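Have a look at the structure below before the remarks.
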């Protein structure tokens, strides 16, 4: 126990001495650290003082530099201000000079205005004196003189206007004629269709004179049966080895021709045989009608057409107008219309269609009363054609006013096809009546002395009285005659109206 207590005491004594030793060491280290801290603080204070001194020097230098720059800028601005002030001074001097010049000009203008006023007053007095003198000499008031002058001016203006109108019309006519002639020439050069001339009678050649008796038959029964079956008349005259079939309907006449040729070829002519051959001929003619219509639509490139309309179109194969086959005429006119439409830049297909159908009314004119143009338009309308086509058909002979370019092209193409040389023929009686009516129309105008229809009715020369008609009125008469001829007469092509005014003066020397 004592040993244990001794050990504890020894340990305590050893720990106390270690504590004292460590305390002394710590105090020594603390003193050393305080000395180092004081040394470092003194060095930091010296460095801070040195940095402050350097910053102060730099700030002074920067302030000095900025002050120098400010002085330089102020001097420059002062110099610019002095220059601007000098320029303003010079400009004020120039403005003062201009103001002085304007004042002098204004004074001069006022002086001239006074002079002009004085001169105007003098002129007014002179005009008043001259007006009074003129009224006294002319024995006319001012209003009467003004009216006379206005009338003279109006008359002169009318003459000048008529001369301008004449020049404009001449230029327009020349340009229009040139372009129309070019288009029509191109179209006619590209068309070369054959012509078919037929009449209302058909001659059938017989192999011998004995065949006429067989056609007549016992007591005329064969000829009566033939006429009853075909609806035509057989004319048996003194013409050797030939008989004539007469009928207004060309289709019936064609059926009768085929029937008679078959009977003559067969040799057996009797009523039953006549009816049999007529039925066969009817079938052939119907086939020709259908083929003719199909040929027309294929020839013109039109395929979307009602079958019944194609059939009606094919009936024109047996119809003629002034000796021209109507089916070939509409096909030819359709080609011409297509060429004209191409030249003008319009719808070529529509122009061809309108022109191809423009005469379909002629296929049924002997069955329906009325103009073939209106009848054809009604047929086309009933069979589903467009409004443009119907209008072109009904307007191609001016029964209806033309409203579309296709209607005009249809009329022009129809005239070209019918008016070209050799296309149609005219009877002597109709020709003479047309010439007489031309002369009568021209003689109806006041101031006309003599009228001559020339060049087969293509030109009318009108002699006017020079004492009652002047040059300008002669032009008016020519235009009025042409308008009336166009309204009253039907003719192919165009008619030229020439008004001639000749004044002859004679004097005798004694």
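The values are calculated or read from the model by the stated rules, or taken from the named source; none is laboratory data. Note that the coordinates shown come from a computational prediction; the quantities given were computed from them, not determined experimentally. All Cβ positions, even for glycine, are placed from backbone atoms using ideal geometry, and neighbour counts span all protein chains on display.
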Got at least one residue in segment 249-272 being loosely packed, with under 14 Cβ neighbours inside 10 Å, modelled with pLDDT of 85 or more, more than 16 Å from residue 360 (Cβ to Cβ) and in the same structural domain as residue 207 (by TED's automatic domain parsing)?
-> yes
Single residue of segment 196-222 satisfying the filter (loosely packed, with under 14 Cβ neighbours inside 10 Å and assigned to a loop (DSSP other than H, G, I, E, B)) that is modelled with the lowest pLDDT = 197
Those residues of segment 325-365 which are surrounded by fewer than 20 Cβ atoms within 10 Å (Cβ to Cβ) and in contact (Cβ under 8 Å) with a residue 12 or more places away in the chain amount to 343, 344, 346, 347, 349, 364
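Residues checked against (1) outside the structural domain of residue 307 (by TED's automatic domain parsing); (2) buried (at least 16 other Cβ atoms within 10 Å of the Cβ); (3) over 20 Å from residue 347 (Cβ atoms); (4) at pLDDT below 70:
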| site | (1), (2), (3), (4) |
| --- | --- |
| 383 | no, yes, yes, no |
| 386 | no, no, no, no |
| 391 | no, yes, no, no |
| 394 | no, yes, no, no |
| 405 | no, yes, no, no |
| 436 | yes, no, yes, no |
How do the pairs read when you match residues in segment 469-482 that are surrounded by 14 or more Cβ atoms within 10 Å (Cβ to Cβ) with residues anywhere that are modelled with pLDDT of 85 or more and in a helix (DSSP H, G or I), using Cβ under 6 Å and keeping only pairs 6 or more apart or on different chains?
-> 481/442
